[in-house]
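Below is one structure; the comments refer to it alone.
The values are calculated or read from the model by the stated rules, or taken from the named source; none is laboratory data. Fair warning: this is a prediction, and the values are worked out from it, not measured in the lab. Here the Cβ is made from the backbone with ideal geometry for all residues, glycine too, and neighbour counts use every protein chain on show. Surface areas here come from the heavy atoms of the whole protein model, side chains and all, with no ligands, DNA or RNA. Shrake-Rupley method; radii C 1.70, N 1.55, O 1.52, S 1.80 Å.
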Amino acid sequence: MPSTPQITPDTVPGTGGRRITILLVEDHDMVAEAIRLALDRTDDLKVVGRSLSVRDALRDAARLRPAVVVLDRRLPDGDGIAAIAALKAAAPGSRVLVLTGEGTPATAAHVAEAGGSGLILKVGNLSELQDGVRLVAAGEVAFSKGLLDGALDRLTGRTADLGAALTPRERETLGLLGDGLGAAEIGMRLGIALNTARNHVQRVLEKLGARSQLEAVAMARREGLLR
């Protein structure tokens, strides 16, 4: 996962200083308990529910409307990645962070294409998961080390003159996205407010026809807008 600043509830848009609510979707009791304890012991994260299957997760997400769904890749009734779109439809505004025992750049690309916000390996440090939840809640992406660049290489995009419609400030924003910066870091680098930076990022995505920051960077690299 690329280097990022620490994010607290006061810096996460929409939290109003409250703890970030999490729905944990994990069918193994010991793993689920370890994750829950790691998240709940922080001051800004709170597991508000646990689901054992995709079916349960769809029901619980609609009921709880968590800020983040931490979703196991392999569940008794299906593949977690295949359930991302349905989870986001069940709980509009919720973001999905996938957990997996084994991850590859191809898997990370599948997560991004499905609308997920990140992929964290279970073998990593639990602090990586904590930081990943914070990033995802803030609208950024979170991928374990070694997965991000490979995922970018595998994402497909359009071949039109993508950069023609970008303003100079949007080109700056795109360049910083390519460096792995999120909206908060972009705002600090450009000396603008966080909301303004987020608006620039959103316009870049819209003009490139990208569904995520990850896809926007992949498309820009492929078309020569980024080196």
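Leaving ligands, DNA and RNA out of it, rank LEU147, LEU121 by accessible area with a 1.4 Å probe, largest first.
LEU121, LEU147
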#### Entry: region 79-118: translational diffusion in µm²/s, Stokes-Einstein, Kirkwood Rh over Cα pairs, 37 °C, 0.692 mPa s
321
#### Entry: Hz values of 3J(HN,Hα) by residue in region 176-184 - Karplus curve (6.51, -1.76, 1.60), Gly and Pro given as x
6, 4, x, 7, x, 7, x, 4, 4
### Query
For region 32-161, what number results from the quotient of the Cα radius of gyration and 2.2 N^0.38 Å?
1.02
### Message
Could you tell me how far the Cα centroid of region 91-138 sits from the Cα centroid of region 14-61, in Å?
### Response
14
### Query
Among the lysines, which have Cα under 22 Å from the Cα of LYS46 when same-chain residues fewer than 8 positions away are ignored?
LYS88, LYS122
### Task
Quick one: net charge around ILE22, please, counting Lys, Arg +1 and Asp, Glu -1 for every other residue with C-beta under 10 Å from its C-beta.
+3
### Query
Using heavy-atom solvent-accessible surface (probe 1.4 Å) with all chains present, what is the largest-first order of ASP179, ASP77, ASP56?
ASP179, ASP77, ASP56
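By the gyration tensor of its Cα atoms, with a ≥ b ≥ c the square roots of the eigenvalues, what is the shape of region 43-95: rounded for a/c under 1.5, prolate for a/b over b/c, or oblate?
In terms of gyration-tensor shape, prolate.
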